[in-house]
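Accompanying notes for the structure given below.
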Amino acid sequence: MLPNKSKSKSNSSDKSLRTGTLILFDHEDSVKLGVIQGFLSLKARILAETGNTHELTFSRLTVLPESLPADLHTNDEIVSYLLELRNKHEEAAKELDLKELWEKCDKDTVYNLSELTLLFFDKESLENNLSLRYRLQSYPLYFKRRRSDFVARSQSEIEDYRSKLEVKQKKEKLLHEAFESINKTLKDPNLPLTREARKLITSVFYVAAGTPNMSAEEKKEVRKTLDLVSEQNNFSLGGSREERAVKLLQKLNLIQKNTNLLIYKHRVPVEFSDELIEEADKLSPEALSPKEALDLTHLPAITIDDASTSDMDDAFTLEHKSGGYTLGVHISDVASAIGIGSALDLEAKARATSIYSTDVISNMLPEALSEDKLSLIQGEVRYTLSCIFDVRSDFTIESCTVTPAKIKVSERLSYDDVDEALNSGTGDLAMLFNIAMNSEAERLAEGGVKIPKREKEVVLTDPDNPLTSDFELVELDEAGPARSLVGEMMILSNFELAKYASKNNVPYIYRSQEPSESKNEKQLAALGGGPAYDYALRSGLKRSIASTKPGSHATLGLSVYAQATSPIRRYLDLCNQRQLLAHVTGQELPYTAEELEKQILDTQQPLATARLYTRDIKRCWLLRYLHRKYKKSEIKATVLRDDMKNYLIELEEVYLPVLLKSERKLKAGNVILVSFKEIDPRHDILKLSLSKILE
């Protein structure tokens with residue numbers, strides 16, 4: 001054995017270097033073969049096998065035991081010779097068994113290439129040195145690099161490296177398959193991309209969307225993808241990185257008329273991993289139910305939602321009794337299905353909420369749960385956490401019991417169905433509506449505020465083909481009878497559940513809101529009715545606060561409030577449901593107050609992202625509508641604010657608040673006519689000019 005050496009040493013020295021010496025050097029994560037052509041101060045000028053010239057310090061060079069043949073004169077001849085050497089000895093290197101060499105070496109000893117060559121072959125030669133060096137480069141399982149030298153790994157280091165190598169090789173295989181899929185789709189756009197290819201293309205979408213705060217590694221990966229795909233398919237992707245990304249996506253037919261780039265800009269998660277989908281699929285009915293539940297399956301239960309809704313998490317029952325009614329508000333039992341700390345729970349927490357937009361839905365839980373096993377589907381028995389209200393004949397609430405239950409939905413109704421039925425003013429739906437409106441009246445009498453808000457919903461005319469579908473605007477009447485009924489029932493249930501938690505000292509996530517700042521009645525009156533007046537009222541509202549301390553909610557007119565009625569869609573609702581379900585069944589509470597505060601903190605960022613994305617994607621669709629209909633005409637608007645650098649106005653028909661720069665003096669409440677100077681939905685550009693003051 002060679003003696004132990006504590007320090008790395010160079011495999012070259014000034015004296016052994018001369019013009020014509022063959023050397024090896026590291027460049028861009030690979031070993032290159034070259035020849036010394038001259039010297040400059042403390043550096044050697046190297047002609048590499050690539051044909052490039054490098055100026056390298058002596059310490060970076062590994063000297064080989066032979067020199068360049070004397071009959072080679074031109075650089076082209078030399079490069080051809082170097083490449084021939086590489087090809088020949090790289091092939092020979094594949095036959096070398098480094099385990100044999102590793103067994104001869106002292107561990108933690110530093111060896112240079114010459115020493116290892118002598119150990120392995122008993123003699124140095126150009127062939128031996130090159131073959132061994134190429135093998136050490138291509139198969140680093142037994143030896144690790146230390147600059148130009150090598151150190152034999154320990155047995156534990158080998159096992160660790162082998163595990164990492166297997167992961168790397170698997171990743172490289174998947175990457176190769178992904179590129180194959182991309183190349184096939186480029187040739188035939190009808191061929192779908194594989195899952196791995198979609199993952200790779202997602203990063204390209206991030207660049208195309210102008211996603212902020214991309215890591216250097218992500219940018220490098222996208223650059224590599226763009227370069228490799230264009231090289232393999234023999235086409236050019238010119239322009240900026242964003243423009244190159246867009247061009248590739250267009251070639252793959254992935255950017256079309258309605259492509260949603262904002263979902264990538266905000267990194268909104270849409271798909272679930274195979275592991276999470278498998279875990280959701282495996283959940284059995286037994287895992288989705290509490291040990292004991294009040295059997296209410298004999299009662300006809302109804303759900304009321306949008307016709308397109310798939311994740312139904314609330315239902316209603318109504319029994320007539322002497323002197324009044326028994327009202328049941330039933331919330332899907334998600335707590336019994338999703339264990340704290342499970343993979344599904346951690347993913348739900350990371351998402352924090354489901355996000356609904358015109359063309360894309362990002363569920364908090366996989367579809368197998370949110371739209372099937374946990375959804376209150378017509379004809380299926382489902383477990384719930386229920387509020388059972390005793391209601392007097394005058395529709396006032398006498399008491400409420402919180403209990404686990406099981407129900408069977410007998411009828412699924414849309415908001416339009418309910419609005420139509422309520423026109424008759426009779427039947428159980430009318431009774432539900434009367435209970436809801438009585439509850440609302442009581443809240444308003446306690447100081448609650450109801451501020452109308454005009455809103456339009458963008459609806460695809462061909463939802464099965466969202467990328468190419470046309471769309472239309474539909475008036476969303478939140479104050480309509482059906483939506484008012486459902487909304488008030490949720491407020492009522494959330495109020496009762498919050499009272500239950502507060503009365504029983506159950507740690508809980510409450511939502512409180514301080515009273516609004518007082519408004520100048522004279523100024524409000526000057527605005528008249530309409531958008532400016534409603535905006536002035538809304539702008540005075542304080543933000544609601546989530547905390548574990550119960551407090552009043554001024555806008556709702558309630559002494560205490562929380563949210564627990566959407567555990568399929570909101571993670572903090574799920575946390576509250578866990579607390580309530582545990583308490584009513586006599587089990588240990590899942591969370592302390594401090595742990596709930598952490599849940600609030602941990603979900604702040606994803607909730608903020610969801611709010612921002614929801615705002616931006618709605619604005620994008622409304623800009624598309626304006627671009628299509630009004631780009632060469634004018635539209636009415638109302639001035640909402642006149643106390644900023646630019647005026648805040650609300651455009652008629654789309655109810656979209658935007659900024660207007662104008663030299664003319666305007667006042668809040670003015671109705672004006674504006675024209676469009678520029679509309680670019682993709683880049684969120686809207687420039688307007690004032691045409692006329694109407695009133």
Cβ contacts < 6 Å: first residue in contact (Cβ under 8 Å) with a residue 24 or more places away in the chain, restricted to the range 142-166; second residue basic (Lys, Arg) and outside any loop (DSSP other than H, G, I, E, B), any location; separation 6+ or different chain. Result?
VAL151/LYS144; ARG153/LYS144
Subset of the range 638-657 [under 19 Å from LEU524 (Cα atoms) and in contact with a strand residue (DSSP E or B) (Cβ under 6 Å, 6 or more places away or on another chain)]
THR638, VAL639, LEU640, ARG641, TYR647, LEU648, ILE649, GLU650
Those residues of the range 651-690 which are surrounded by 14 or more Cβ atoms within 10 Å (Cβ to Cβ) and either more than 25 Å from LYS618 (Cα to Cα) or among the acidic types (Asp, Glu) (or both) amount to GLU652, GLU653, SER662, LEU666, ASN670
Out of curiosity, is LEU248 within 24 Å of ALA610 (Cα to Cα), touching a residue at least 24 places away in the same chain (Cβ under 8 Å) and out of contact with any His (no Cβ under 9 Å at 6 or more places or on another chain)?
no
Only residues that are in contact with an Asp or Glu (Cβ under 6 Å, 6 or more places away or on another chain) and either farther than 15 Å from ALA532 by Cβ or among the β-branched types (Val, Ile, Thr) (or both): list them for the range 653-684, please.
VAL671, LEU673, SER675
Filtering the range 485-499 down to residues that are surrounded by 18 or more Cβ atoms within 10 Å (Cβ to Cβ) and without any contact (Cβ under 8 Å) to a residue 60 or more places away in the chain yields GLU488
Just to be sure before I move on: is GLN577 of a type in the set (S, T, N, Q) and out of contact with any Pro (no Cβ under 9 Å at 6 or more places or on another chain) in the structure I sent?
no
Counting residues that are in contact with a Phe, Trp or Tyr (Cβ under 8 Å, 6 or more places away or on another chain), which helices (runs of 4 or more DSSP H) fully inside the range 114-226 reach at least 3?
126-138, 195-208
Scanning the range 256-293 for residues that are assigned to a loop (DSSP other than H, G, I, E, B) and either of a type in the set (Val, Ile, Thr) or in contact with a strand residue (DSSP E or B) (Cβ under 7 Å, 6 or more places away or on another chain) (or both), the one modelled with the lowest pLDDT turns out to be PRO290
Here is a list: LEU42, LEU47, LEU24. Which entry is assigned by TED's automatic domain parsing to the domain that holds LEU119, farther than 27 Å from VAL151 by Cα, of a type outside the set (Asp, Glu) and touching a Gly at 6+ places or on another chain (Cβ under 9 Å)?
LEU47
So for the range 136-146 (the condition being crowded, with 20+ Cβ neighbours inside 10 Å and either at pLDDT 95 or above or closer than 23 Å to ASN87 by Cβ (or both)), does at least one residue qualify?
yes
What are the pairs, 6+ residues apart or on separate chains, where a residue within the range 626-639 that is under 14 Å from LEU659 (Cα atoms) has its Cβ under 7 Å from a residue that is assigned to a helix (DSSP H, G or I) and not small (Gly, Ala, Ser)?
THR638/PRO531
Taking the range 56-79 and keeping only residues that are without any contact (Cβ under 8 Å) to a residue 40 or more places away in the chain and surrounded by 14 or more Cβ atoms within 10 Å (Cβ to Cβ), one is left with LEU56, LEU72, VAL79
Quick test of your reading of the structure: GLU653 fulfils all but one of (1) closer than 20 Å to VAL474 by Cα; (2) in a loop (DSSP other than H, G, I, E, B); (3) out of contact with any helix residue (DSSP H, G or I) (no Cβ under 9 Å at 6 or more places or on another chain). Name the failing condition by number.
(3)
Output yes when any residue across the range 198-218 is of a type in the set (Asp, Glu) and under 23 Å from ARG682 (Cβ atoms), and no when none is.
yes
Test: ILE617 is over 26 Å from GLN523 (Cα atoms), in contact with a strand residue (DSSP E or B) (Cβ under 8 Å, 6 or more places away or on another chain) and among the aliphatic types (A, V, I, L, M)
no
Can you tell me which of LYS503, LYS522 is at pLDDT 90 or above, exposed (fewer than 15 other Cβ atoms within 10 Å of the Cβ) and on the phi < 0 side of the Ramachandran plot?
LYS503
In the list GLU103, GLU95, GLU90, which residue meets the criterion of being charged (D, E, K, R), closer than 24 Å to ARG60 by Cβ and surrounded by fewer than 19 Cβ atoms within 10 Å (Cβ to Cβ)?
GLU90
Would a scan of the range 563-581 turn up a residue that is under 26 Å from GLU446 (Cα atoms) and without any contact (Cβ under 8 Å) to a residue 24 or more places away in the chain?
yes
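The values are calculated or read from the model by the stated rules, or taken from the named source; none is laboratory data. Keep in mind that what you see is a predicted model, and the values were worked out from it rather than measured. Positions of Cβ are backbone-derived with ideal geometry, glycine not excepted, and every protein chain shown enters the neighbour counts.
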